[in-house]
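Some notes on the structure that comes next.
The values are calculated or read from the model by the stated rules, or taken from the named source; none is laboratory data. Fair warning: this is a prediction, and the values are worked out from it, not measured in the lab. As a convention, Cβ positions derive from the backbone with ideal geometry for all residues, glycine included, and neighbour counts pool all protein chains shown.
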(Lines give C-alpha, C1' and ligand atoms only; values in the text may rest on other atoms or scores of the structure.)
Protein backbone atom coordinates (compact mmCIF):
# COMPACT_ATOMS: atom_id res chain seq x y z
CA UNK A 1 0.00 0.00 0.00
CA UNK A 2 1.38 3.42 -0.89
CA UNK A 3 0.40 6.89 0.26
CA UNK A 4 2.54 9.69 -1.18
CA UNK A 5 6.08 8.23 -1.16
CA UNK A 6 5.43 6.05 1.87
CA UNK A 7 4.87 2.32 1.45
CA UNK A 8 3.91 -0.33 3.98
CA UNK A 9 5.85 -3.50 3.23
CA UNK A 10 5.20 -6.74 5.17
CA UNK A 11 8.00 -7.47 7.63
CA UNK A 12 10.36 -10.15 6.38
CA UNK A 13 11.67 -12.74 8.87
CA UNK A 14 15.28 -11.72 8.21
CA UNK A 15 14.42 -8.11 9.21
CA UNK A 16 12.76 -8.96 12.54
CA UNK A 17 15.84 -8.27 14.70
CA UNK A 18 16.52 -4.90 13.08
CA UNK A 19 12.81 -4.01 13.37
CA UNK A 20 13.02 -4.62 17.14
CA UNK A 21 16.22 -2.56 17.48
CA UNK A 22 14.82 0.29 15.36
CA UNK A 23 11.64 0.30 17.45
CA UNK A 24 13.59 0.41 20.71
CA UNK A 25 15.75 3.28 19.42
CA UNK A 26 12.69 5.32 18.38
CA UNK A 27 11.07 4.89 21.81
CA UNK A 28 14.33 5.62 23.64
CA UNK A 29 14.82 8.75 21.57
CA UNK A 30 11.36 9.99 22.58
CA UNK A 31 12.11 9.48 26.27
CA UNK A 32 15.52 11.15 25.92
CA UNK A 33 13.93 14.14 24.21
CA UNK A 34 11.46 14.48 27.08
CA UNK A 35 13.56 13.53 30.10
CA UNK A 36 17.24 13.56 29.15
CA UNK A 37 19.74 10.75 28.70
CA UNK A 38 19.02 8.86 31.95
CA UNK A 39 15.43 7.96 32.64
CA UNK A 40 13.74 5.51 34.97
CA UNK A 41 10.94 4.73 32.49
CA UNK A 42 12.76 1.70 31.14
CA UNK A 43 11.21 -1.76 30.96
CA UNK A 44 14.44 -3.66 30.38
CA UNK A 45 17.83 -2.28 31.27
CA UNK A 46 18.24 0.84 29.18
CA UNK A 47 15.19 0.28 26.95
CA UNK A 48 11.96 2.27 27.17
CA UNK A 49 10.15 -0.58 25.40
CA UNK A 50 11.39 -4.10 26.03
CA UNK A 51 12.21 -6.74 23.47
CA UNK A 52 9.57 -8.89 25.17
CA UNK A 53 6.87 -6.23 24.65
CA UNK A 54 7.76 -5.85 20.98
CA UNK A 55 7.98 -9.60 20.35
CA UNK A 56 4.63 -10.12 22.10
CA UNK A 57 3.07 -7.62 19.66
CA UNK A 58 4.77 -9.21 16.65
CA UNK A 59 3.62 -12.70 17.66
CA UNK A 60 0.07 -11.77 18.68
CA UNK A 61 -2.74 -13.72 17.03
CA UNK A 62 -4.06 -11.81 14.00
CA UNK A 63 -1.04 -9.48 14.00
CA UNK A 64 0.11 -7.79 10.82
CA UNK A 65 3.56 -6.19 10.82
CA UNK A 66 4.87 -3.76 8.23
CA UNK A 67 7.99 -1.77 7.59
CA UNK A 68 7.39 1.86 6.72
CA UNK A 69 9.47 2.46 3.60
CA UNK A 70 10.25 5.86 2.08
CA UNK A 71 12.06 6.00 -1.25
CA UNK A 72 13.34 2.45 -0.73
CA UNK A 73 14.64 3.12 2.81
CA UNK A 74 13.20 1.56 5.98
CA UNK A 75 12.15 4.49 8.15
CA UNK A 76 9.82 2.89 10.68
CA UNK A 77 7.31 0.18 11.37
CA UNK A 78 3.73 -0.65 12.25
CA UNK A 79 2.20 -3.59 14.12
CA UNK A 80 -1.57 -4.07 13.95
CA UNK A 81 -3.84 -6.62 15.56
CA UNK A 82 -7.11 -7.09 13.72
CA UNK A 83 -10.45 -8.59 14.66
CA UNK A 84 -12.18 -8.40 11.30
CA UNK A 85 -15.33 -10.05 12.58
CA UNK A 86 -15.76 -7.39 15.26
CA UNK A 87 -14.46 -4.76 12.80
CA UNK A 88 -11.95 -3.60 15.40
CA UNK A 89 -8.24 -2.95 15.09
CA UNK A 90 -5.49 -2.31 17.61
CA UNK A 91 -2.50 -0.23 16.68
CA UNK A 92 0.04 -2.11 18.76
CA UNK A 93 3.12 -0.19 17.64
CA UNK A 94 3.90 2.61 15.23
CA UNK A 95 7.33 4.17 15.07
CA UNK A 96 9.26 6.42 12.73
CA UNK A 97 13.04 6.71 12.90
CA UNK A 98 13.95 9.90 14.79
CA UNK A 99 15.94 11.32 11.88
CA UNK A 100 12.72 11.20 9.82
CA UNK A 101 10.39 12.91 12.33
CA UNK A 102 8.18 15.84 11.29
CA UNK A 103 8.11 14.90 7.61
CA UNK A 104 4.55 13.51 7.45
CA UNK A 105 5.77 9.90 7.30
CA UNK A 106 3.79 8.66 10.30
CA UNK A 107 0.61 10.31 9.09
CA UNK A 108 1.06 8.88 5.58
CA UNK A 109 1.67 5.44 7.10
CA UNK A 110 -1.49 5.71 9.20
CA UNK A 111 -3.54 6.75 6.14
CA UNK A 112 -2.13 3.72 4.33
CA UNK A 113 -3.24 1.47 7.23
CA UNK A 114 -6.78 2.84 7.05
CA UNK A 115 -6.84 2.41 3.28
CA UNK A 116 -5.62 -1.20 3.58
CA UNK A 117 -8.31 -2.03 6.15
CA UNK A 118 -11.59 -0.29 5.24
CA UNK A 119 -13.44 -3.09 7.06
CA UNK A 120 -12.15 -1.84 10.42
CA UNK A 121 -14.58 0.62 12.02
CA UNK A 122 -12.89 1.17 15.38
CA UNK A 123 -9.17 1.59 15.97
CA UNK A 124 -7.56 1.78 19.40
CA UNK A 125 -4.05 2.40 20.68
CA UNK A 126 -2.28 3.52 23.85
CA UNK A 127 0.73 5.71 24.53
CA UNK A 128 2.57 6.83 27.66
CA UNK A 129 1.31 10.08 29.15
CA UNK A 130 4.72 11.73 28.69
CA UNK A 131 4.89 11.14 24.92
CA UNK A 132 3.66 14.57 23.85
CA UNK A 133 4.70 13.98 20.23
CA UNK A 134 2.58 10.81 20.12
CA UNK A 135 -0.41 12.49 21.77
CA UNK A 136 -0.23 15.32 19.22
CA UNK A 137 0.19 12.80 16.40
CA UNK A 138 -2.77 10.59 17.33
CA UNK A 139 -5.19 13.41 18.20
CA UNK A 140 -4.26 16.21 15.80
CA UNK A 141 -2.89 14.29 12.82
CA UNK A 142 -4.77 10.98 12.79
CA UNK A 143 -8.15 11.87 14.30
CA UNK A 144 -8.06 9.70 17.42
CA UNK A 145 -9.74 10.78 20.66
CA UNK A 146 -8.46 10.21 24.17
CA UNK A 147 -11.04 7.97 25.82
CA UNK A 148 -9.29 6.86 28.99
CA UNK A 149 -6.35 7.70 31.25
CA UNK A 150 -4.72 4.69 32.91
CA UNK A 151 -3.17 5.39 36.28
CA UNK A 152 -2.84 3.67 39.67
CA UNK A 153 -6.57 4.19 40.31
CA UNK A 154 -7.89 3.23 36.89
CA UNK A 155 -6.08 1.03 34.39
CA UNK A 156 -6.49 -1.66 31.80
CA UNK A 157 -7.66 -5.15 32.70
CA UNK A 158 -4.46 -6.95 31.71
CA UNK A 159 -2.09 -5.26 34.16
CA UNK A 160 0.19 -7.87 35.76
CA UNK A 161 -0.05 -8.12 39.54
CA UNK A 162 3.56 -7.02 40.08
CA UNK A 163 2.91 -3.78 38.18
CA UNK A 164 -0.41 -3.21 39.93
CA UNK A 165 1.26 -3.42 43.35
CA UNK A 166 4.07 -1.07 42.34
CA UNK A 167 2.17 1.29 40.04
CA UNK A 168 3.89 4.63 39.52
CA UNK A 169 3.27 7.67 37.39
CA UNK A 170 5.79 6.17 34.96
CA UNK A 171 3.11 3.58 34.11
CA UNK A 172 0.44 6.15 33.22
CA UNK A 173 -1.02 5.81 29.71
CA UNK A 174 -3.63 7.41 27.50
CA UNK A 175 -6.05 5.20 25.56
CA UNK A 176 -7.02 6.52 22.14
CA UNK A 177 -9.94 5.48 19.93
CA UNK A 178 -10.88 6.36 16.38
CA UNK A 179 -14.26 5.45 14.97
CA UNK A 180 -14.47 5.45 11.19
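What's the total number of residues in region 69-109 that are in a strand (DSSP E or B) and within 18 Å of residue 29 (Cα to Cα)?
The total comes to 9.
Report, ordered by the first and then the second residue, all pairs with beta carbons closer than 6 Å, sequence separation of six or more or different chains, a first member in region 91-117 that is at positive phi and at pLDDT 95 or above, and a second member that is assigned to a helix (DSSP H, G or I) and surrounded by fewer than 18 Cβ atoms within 10 Å (Cβ to Cβ).
The qualifying pairs do not exist here.
Say we look at region 130-154 and pick out the residues that are more than 18 Å from the chain's Cα centre (by Cα) and surrounded by 11 or more Cβ atoms within 10 Å (Cβ to Cβ); which of these is modelled with the highest pLDDT?
My answer is 151.
Name every residue in region 110-140 that is in a loop (DSSP other than H, G, I, E, B) and touching a helix residue (DSSP H, G or I) at 6+ places or on another chain (Cβ under 9 Å), in order of residue number. Reasoning before the result, please.
First pass over region 110-140, keeping only residues in a loop (DSSP other than H, G, I, E, B): 117-121, 129-131.
120, 129, 130, 131, listed by residue number.
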